[in-house]
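The values are calculated or read from the model by the stated rules, or taken from the named source; none is laboratory data. Predicted model only: the values in this text are computed from it and were never measured. A quick note on method: Cβ atoms are made from the backbone with ideal geometry, for glycine too, and the neighbour counts reach across all protein chains shown. For accessibility, only protein heavy atoms count, side chains too; no ligands or nucleic acids. Shrake-Rupley method; radii C 1.70, N 1.55, O 1.52, S 1.80 Å.
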Amino acid sequence: MIEKFDSIKGFLDLNEGIALYEEVKRVSENNFCVEIGSYCGKSTCFIGQACKENKSKLITIDHHKGSEEQQLGELYFDAEVYDEKLGRVNTLPLLIKNLAKFDLEDVVKPLVMDSISASKIVENNADLIFIDGSHTFESAESDYELWKNKIKKGGTLAIHDVYDSEDEGGQAPNKIFKQSLNEGFNFMKRVKSLVLLQKSN
């Protein structure tokens, strides 16, 4: 059933999506999870479906202006998410469309803002926080520092796009992954470029 989410525009591998779904099913019940970086809602739907089944909620955070590599003329630019009237990337309409299509509107709460602003209003004790926002070193480190203490003890930190070498991909997510191992997070599982860690304190 959840395989249907693989048709959504995005950079999440199907097996990574299934791993996210299974982890949320395991760790979250009658509480909430947080996603940093919605894009068009692919990972949002995998996490959101698990939340729906477990009577949890998902807060998904994105300014919806696209990351650096998704801008006009850049490597991952996609004309479908470029808004001619606004003169910029705008992924929010596709997110809203996908939440409606898969009946997740009552489960998922989009916050259209940056991660720093959202961190000031989202409460602590999240069951799972998924970091998949901007992959610059500055942004990835900021996301990690702002959100690591908002995960409950025993909860899960999920990080996407963790690559072992620069040939495979940018190293910012890998840096915060390695940092987390020295700061009270225990490695649980890796599926392709997705890592799952449990908060021990």
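In the context of the full protein assembly, residue 72 retains an accessible surface of approximately 110 Å², using a probe radius of 1.4 Å and ignoring ligands and nucleic acids.
Residue separation times 0.36 nm, minus the C-alpha to C-alpha distance between residue 201 and residue 152: what's the value?
Values: separation 49, 0.36 × 49 = 17.64 nm, distance 0.83 nm.
Result for the pair: 16.8 nm of gain on full extension.
Once neighbouring chains are kept in place and the probe is 1.4 Å, which whole percent of the accessible area of the stretch 73-139 is contributed by carbon and sulfur? Summing carbon and sulfur atoms, their accessible area is 50 percent of the total for the stretch 73-139. Normalising the average separation of contacting C-alpha pairs (under 8 angstrom, six or more residues apart) by the number of residues puts the relative contact order of the chain at 19 percent.
Divide by every residue of the chain the summed helix terms, -39500 (n - 2.57) for each DSSP H run of at least 4, and state the resulting mean residue ellipticity at 222 nm, rounded to the nearest 500 deg cm²/dmol.
-9000 deg cm²/dmol, from helical runs alone.
On the accessible surface of the stretch 153-197, probed at 1.4 Å, how many percent belong to carbon and sulfur atoms? Of the solvent-accessible surface of the stretch 153-197, carbon and sulfur hold 45 percent. The stretch between residue 15 and residue 123, if pulled fully straight at 0.36 nm per residue, gains 35.9 nm over its current Cα-Cα span.
Annotation for residue 141 and residue 166: the two label points, set 7 Å from Cα along the Cα-Cβ direction, are 1.7 nm apart.
Compared with the alpha-carbon gap, the fully stretched path from residue 55 to residue 192 is longer by 46.5 nm at 0.36 nm per residue.
Within the straight-line cut-off of under 14 Å between alpha carbons, the aspartates and glutamates reachable from residue 120 are 143, 145, sequence neighbours fewer than 8 places apart in one chain being disregarded.
Counting only protein heavy atoms and a 1.4 Å probe, the chain has 48 square angstrom of accessible area per residue. In this rough spin-label picture, where each label sits 7 Å from Cα along the Cβ direction, the residue 22-residue 1 distance is 1.7 nm.
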